[in-house]
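Presented below is the structure to which this report refers.
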Amino acid sequence: MRIVSALLLSAVFCTPAAFAQAAPATPALPACDGAMAIVRVSDIKAESMDKFLAAVDAQKAWYASHGLPDKIFVTKIIDRGAAAYSVTQAITYHFYGNGAGTEPKHDAGWDAFVKLFSDSSTIKAGYLTCIPKAMLPAM
């Protein structure tokens, strides 16, 4: 009987599950007295600024069609040396209307606007930020 018990214990402790560690929990976001927003700097692919702007419009339309009050807009970067708007970079702002910085469930429409972005640009940098309440656009 002792041998059977020893073999059972050995089998239990030698299984991969015995060595698996629980995935670390995602820490809760800090409190934000305002709204969470994602700010992204994007490199625009050659001849694709119009496609990128269409992607922003498609993203806004998707959020609106899902009844979400998010505010999304693009700002063009001024190339001071050329005194013109850059055709190679842009900054987008996405203010989460629910204030939480969480994404809704993805669907085919979501995949479509994400594809427009990937076809026209590459994200160079992205930041999740807390915009103070006094600085928020009308939501």
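Bear in mind that the values in this text are calculations on the coordinates, not laboratory data. All values derive from a computational prediction rather than experimental measurement. When we count neighbours, we look across all protein chains shown, and the Cβ atoms used for this are built from the backbone with ideal geometry, even at glycine.
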Burial ordering of His94, His66, His106, fewest other beta-carbon atoms within 10 Å first
His106, His66, His94
Derived scalar couplings ³J(HN,Hα) [the stretch 106-118; Karplus, 6.51 cos²θ - 1.76 cosθ + 1.60; whole Hz; x for Gly, Pro]:
7, 9, 4, x, 4, 4, 5, 6, 5, 5, 4, 5, 5
Enumerate the calculated ³J(HN,Hα) couplings along the stretch 32-38 in order (Karplus 6.51 cos²θ - 1.76 cosθ + 1.60, θ = phi - 60°), each rounded to whole Hz, writing x wherever the residue is Gly or Pro.
10, 8, x, 9, 6, 9, 9
Placed amide H near Ser121: partners under 5 Å, 5+ positions off or other chain
Lys45
Excluding same-chain residues fewer than 8 positions from Lys105, which lysines have a Cα within less than 25 Å of its Cα?
Lys51, Lys60, Lys71, Lys115, Lys124
A chain fully extended from Val41 to Ala64 at 0.36 nm per residue, minus the present Cα-Cα distance, gains in nm 6.0 nm
With label points set 7 Å from each Cα along the Cα-to-Cβ direction at Ala28 and Lys51, the distance between them in nm comes to 4.3 nm
Please list 3J(HN,Hα) in residue order for the stretch 63-79, calculated via the Karplus relation 6.51 cos²θ - 1.76 cosθ + 1.60 where θ = phi - 60°; whole Hz, with x for glycine and proline.
4, 5, 5, 9, x, 9, x, 4, 10, 10, 8, 10, 10, 7, 8, 8, 7
Under 5 Å between amide H atoms, partner at least 5 residues away or on a different chain: which partners does Asp79 have, H built in plane at 1.01 Å?
Ala84, Tyr85, Ser86
Dividing the convex hull volume of the Cα atoms of the stretch 34-135 by its residue count, what figure in Å³ per residue is obtained?
102 Å³
